[in-house]
Amino acid sequence: MILWNDRIVKREEVQIDIEDRGYQFGDGVYEVIRVYHGKPFQLDEHLERLERSLNEIRLALPYPMEDFKHLLQQLLDKDPVTDGIIYLQVTRGNALRSHAFPSEAKSVVTAYTREMPRPTKSLAEGIGAHLTNDIRWLRCDIKSLNLLGNVLAKQEALDNDCGEALFHRGDIVTEGSSSNVFIKKDGAWLTHPANHLILNGITRRFVMRLMADLEMPVKEEAFKIADLLNADEVIITSTTQEVMPVVSIDGEPVGNGEVGEWTRSLQNAFERHIS
Ligand SMILES: Cc1ncc(COP(=O)(O)O)c(C=O)c1O
């Protein structure tokens, strides 16, 4: 089933126009919400971020956010998942192709649910990461449908037998192609400040609260490639990747190449919150 504007319909019934601006320009924003044991996780936080992304691109939902929240719950009731996701997007709608905002277009909302098992094997063993130049635009704080820079980076990582690409601008490490990155160095976690160069991940914020609970110092401070390569522990965080250990970078081990102690404590704390 698909939530299509304000109706929940079968997939075959959805009609997306060939001139939908999401399709032609990537003119829209999206969210991916985790579902654990049939319940959405951090739903309000995702909807708050959606509101912010919408405001930043001067787009509005066709109804109040509270109505959207109820529609998403109805979608999940009609098409339940155990461990999965809700994907949703809002585009600037259908209009004759022209770059400027159309006066007549109405935003188009779509959402669906999907089973997605947790990445338990990678969470236990960790993944390899690949460093790549951050070629994206300068508004990475907006969860925009334009993901070409992220897509190319992820493919480059897979082509190098790695699970994630870590972006750098010059010397500074920003984030992953679909995740945020933290390093543990000199007894503290470091992560890039939440400015225009990264997406302020919902998992990033949740994990920072876990760090505080566990009395692990954490600083939102830019760090360099050399710091990453000399870190004791490295993790990436995201809605689907949770607290994912990075055990090697371009083939070189992080620390002793094993999942670190602080990473394990964070994973255990995360597990307690979702179970
Ligand atoms: C570029 C980028 N950074 C960070 C994240 C992590 O965000 P969240 O924890 O909200 O999933 C994502 C998630 O897809 C992403 O695409």
*asked:* Just want the answer: with Cβ charges of +1 for Lys and Arg and -1 for Asp and Glu, which residue in A165, N200, L59 is farthest toward the dipole's positive end in the chain?
replied: L59
*May I ask you to derive the relative contact order of the range 11-108, considering only C-alpha pairs under 8 Å and at least 6 residues apart, and to give it as an integer percent?*
42 percent
_Net charge around E261, counting only other residues with Cβ within less than 13 Å of its Cβ (Lys, Arg = +1; Asp, Glu = -1)?_
-1
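How much of the accessible area of the chain, in percent, comes from carbon and sulfur atoms when a 1.4 Å probe is used?
Details: 6560 of 13340 Å².
Carbon and sulfur together cover 49 percent of it.
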*Just the Cα atoms of the range 120-274, one point each, no solvent: what log10 I(q)/I(0) does Debye give at q = 0.11, 0.12, 0.16, 0.21 Å⁻¹?*
-0.36, -0.44, -0.81, -1.49
_Normalised contact order of the chain, rounded percent, pairs of Cα under 8 Å and 6 or more residues apart_ = 18 percent
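Please give me the summed charge of the neighbours of T239: other residues whose Cβ is under 13 Å from its Cβ, Lys and Arg +1, Asp and Glu -1. List each step's numbers first, then the result.
On the way: positive: R34, R49, R114, R118, K143, R204, R205; negative: E31, E45, D83, E242.
Result for the neighbourhood of T239: +3.
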*Solution diffusion estimate, µm²/s, Stokes-Einstein, the chain, Kirkwood Rh from C-alpha pairs, 20 °C, viscosity 1.002 mPa s*: 109 µm²/s
*What base-10 log of the normalised intensity I(q)/I(0) is obtained for the range 1-148 from the Debye formula, alpha carbons as equal point scatterers, at q = 0.19, 0.21 Å⁻¹?*
-1.22, -1.36
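Assuming R0 = 45 Å, can you tell me the calculated FRET efficiency for the pair D17 and A124, based on Cβ-Cβ distance, to the nearest 0.05? Present the calculation step by step, with values, prior to reporting the outcome.
Details: r = 45 Å, r/R0 = 1.00.
After rounding, the FRET efficiency stands at 0.50.
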_Quick check of the Kirkwood formula: for the range 86-211, what is the inverse mean of 1/r over all pairs of different Cα atoms, in Å?_
17.0 Å
*Using just the alpha carbons, could you tell me how many Å³ per residue the convex hull of the range 147-238 encloses?*
97 Å³
*Quote the accessible area belonging to V247 in square angstrom, nearest 10, computed with a 1.4 Å probe and with ligands, DNA and RNA left uncounted.*
20 Å²
*Tell me, what is the per residue accessible area of the chain in Å², probe radius 1.4 Å?*
49 Å²
_Quick check: Cα centre of the range 159-194 to Cα centre of the range 230-275, how many Å?_
12 Å
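Please give the charge dipole size of the range 134-194, origin at the Cα centre, charges +1 on K and R Cβ atoms and -1 on D and E Cβ atoms. Round to the nearest 20 debye.
Details: 7 positive and 9 negative charges, 52 e Å.
Here the size comes out at about 260 debye.
The values are calculated or read from the model by the stated rules, or taken from the named source; none is laboratory data. Keep in mind that what you see is a predicted model, and the values were worked out from it rather than measured. Using ideal geometry, Cβ is built from the backbone for each residue, glycine included, and neighbour counts are taken over all protein chains shown. Only protein heavy atoms, including side chains, enter the accessible area calculation; ligands, DNA and RNA are left aside. Shrake-Rupley method; radii C 1.70, N 1.55, O 1.52, S 1.80 Å.
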